[in-house]
Amino acid sequence: MKKTESKYIIIGAGISGLTTAYQLLKEGEHNFLILEGRDRIGGRVLTKNDIDFGPAWFQPSHKNLLQLLNDLDIEKFNQYSIGKNVLVYNTMAPAHYFESDQSQPSAYRVAGGSIQLIKKMASLLKDKIVLNTKVSKITEIENEIEVLTDNGLFSAEKAIITLPPKLAITLKYTPELPFELNNVMKNTHTWMSNAIKVGMNYESPFWRKKGFSGTIIGQVGPVVELYDHTNADETTYSLMGFVNEGLRDVAAQERKERILVYLEKYLGKQVRHYLSYDEKDWSKDPYTSCSNLKSVYMSPKYGNPVFDMLYMNGKLLFSGTETSPYFGGYIEGAVISGILTANKIKA
Ligand SMILES: Cc1cc2nc3c(=O)[nH]c(=O)nc-3n(C[C@H](O)[C@H](O)[C@H](O)COP(=O)(O)OP(=O)(O)OC[C@H]3O[C@@H](n4cnc5c(N)ncnc54)[C@H](O)[C@@H]3O)c2cc1C
């Protein structure tokens, strides 16, 4: 079988993998490839019709992400929060209405959608990203590491796995990985892999005109959180939110109807006059989620020290937001892990 060789192989073209590649490139290293199983880049970052179906928000404390956005010349803006928010906390009582304190800045969003971060990094890495290349096996052979995929065989001096740990453990490793690492990977929940998002575009922000912010919060309805998701230029008017996981296995048409009935109750019948309506259930995406889905009632702990170590005699590294010692789960964690890994691989 023909073997494609490079100095480094990065597995996964999500934020973490692309950040490592971007760091390597900045330091003059060009001899690497990024292997991606999907037919698209971005991993958990997914923007469709200007709506972020993956990550949407970040905070002033996310310093590495802010630095990266600055480096890449990408603008940010604040989440819209003017007007009445709706809190639905009890099926027996009327909803509670409240306004956000405008002196407190709301979360940031990326202008043009979170995908801008991916697109900008990828534009510098064009010939290095190989799509539709699902990795299945990692083998240590003397001075190199071999990576078997459904699109050929690759080899490198070192390889980085950026898959969520629960997916990384499904690859075959020769020699086998240490028991402790396997055990941690098996028990590391993939952040947001349970989430179902819904997003709609409209001709105008009708909710704003009625004095609503677009925020509706409450665990008792079909949508547990909804927000205004209008773009930075205010040319696409959108609502986006998280669907109640209890509706995961309900037929698509029924779920949609229950969502619309609920939102109509608080925002009016214009809710039904959408230009686009989309949902994304991440638990059904095999490149993010795995079959043993578990709801999470406690924030998982990320950044286990086993991920800081090198394996296969220094040839195999693990990266990705779940491995980050700080802000694990968030975009910031993915960026931190990407930077740390770029430093480690050269050592
Ligand atoms: C619905 C949702 C909402 C979120 N909201 C926020 C938010 O508001 N703010 C925030 O900071 N974070 C949020 N997050 C988390 C954020 O998206 C992640 O922290 C970040 O995108 C993780 O990046 P990563 O590179 O570590 O992993 P991933 O993006 O998962 O990248 C891993 C890559 O590996 C690829 N891959 C998988 N298996 C294989 C294989 N066998 N072979 C080759 N490639 C493979 C995948 O396709 C993927 O591209 C959200 C996530 C989701 C899903």
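The values are calculated or read from the model by the stated rules, or taken from the named source; none is laboratory data. Bear in mind that the values here come from a model prediction, so they are computed numbers and not experimental data. Methodologically, a virtual Cβ is constructed for each residue, glycine included, from the backbone with ideal geometry; neighbour enumeration extends over all protein chains shown. SASA here: full protein model, heavy atoms, side chains in, ligands and nucleic acids out. Shrake-Rupley method; radii C 1.70, N 1.55, O 1.52, S 1.80 Å.
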Where the Cα pairs of the stretch 208-300 fall when distances are cut into 5 Å bins, in % = 3, 10, 20, 24, 18, 12, 9, 4, 1
Within the stretch 3-60, which trypsin sites (Lys or Arg not before Pro) sit in a loop by DSSP and count at most 15 neighbouring Cβ atoms inside 10 Å?
-> K7, R40
Label point 7 Å out from L310 along Cα-to-Cβ: which residues of the stretch 331-347 have amide N under 19 Å?
-> 337-347
Ranked by GNM mean-square fluctuation in the chain (Cα springs under 10 Å), the top entry among Y202, Y287, Y89 is Y89
The answer for the chain, counting only DSSP H helices whose Cα atoms cover 18 angstrom or more along the axis and whose Kyte-Doolittle average is -1.0 or greater, is 252-267, 331-346
Taking 0.36 nm per residue of separation between Y89 and A232 and subtracting their Cα-Cα distance, the length gained on full extension comes to 48.4 nm
With the dipole of the stretch 1-148 worked out from charges on the C-beta (+1 for Lys and Arg, -1 for Asp and Glu) around the Cα centre, which of A93, V147, N132 lies farthest toward the positive end?
-> A93
Given a cut-off of 26 Å, name the pairs among K2/K134; K3/K346; K26/K126; K63/K256 whose C-alpha atoms lie farther apart than that in the structure shown.
-> K63/K256
Leaving out ligands, DNA and RNA, what percent of the accessible area of the chain is carbon and sulfur, probe 1.4 Å?
-> 52
How large is the accessible surface per residue of the chain, computed with a 1.4 Å probe and reported in Å² as a whole number?
-> 47
For the stretch 57-152, restrict the atom set to alpha-carbon positions and state the Rg and Dmax in Å.
-> 22.3, 68
Of the convex hull drawn through the C-alpha atoms of the stretch 55-101, the volume per residue in Å³ is 106
Calculated FRET efficiency for the pair K186/Y97, C-beta based, R₀ 45 Å, to 0.05 | 0.50
With no solvent and one equal point scatterer placed on each C-alpha of the stretch 252-347, evaluate the Debye formula and give log10 I(q)/I(0) for q = 0.12 Å⁻¹, two decimals.
-> -0.64
Compute the whole-percent fraction of alpha carbon pairs in the stretch 181-231 spaced more than 12 Å apart.
-> 75
Test item: Cα-centred dipole of the chain, Lys/Arg +1 and Asp/Glu -1 on Cβ, debye | 400
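Name the trypsin sites (Lys or Arg not before Pro) in the stretch 133-201 that are in a loop by DSSP and that have at most 16 other C-beta atoms within 10 Å, would you? Before the final figure, lay out the partial values.
Working: sites: K134, K137, K158, K166, K172, K186, K197; in loops: K134.
Passing sites in the stretch 133-201 are K134.
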In whole angstrom, how long is each semi-axis of the equivalent ellipsoid of the chain, when you take the square root of 5 times every eigenvalue of its Cα gyration tensor and sort them from largest down?
-> 39, 21, 18
Cα-Cα P(r), the stretch 1-99, percent of pairs per 10 Å interval = 11, 28, 28, 16, 10, 5, 1
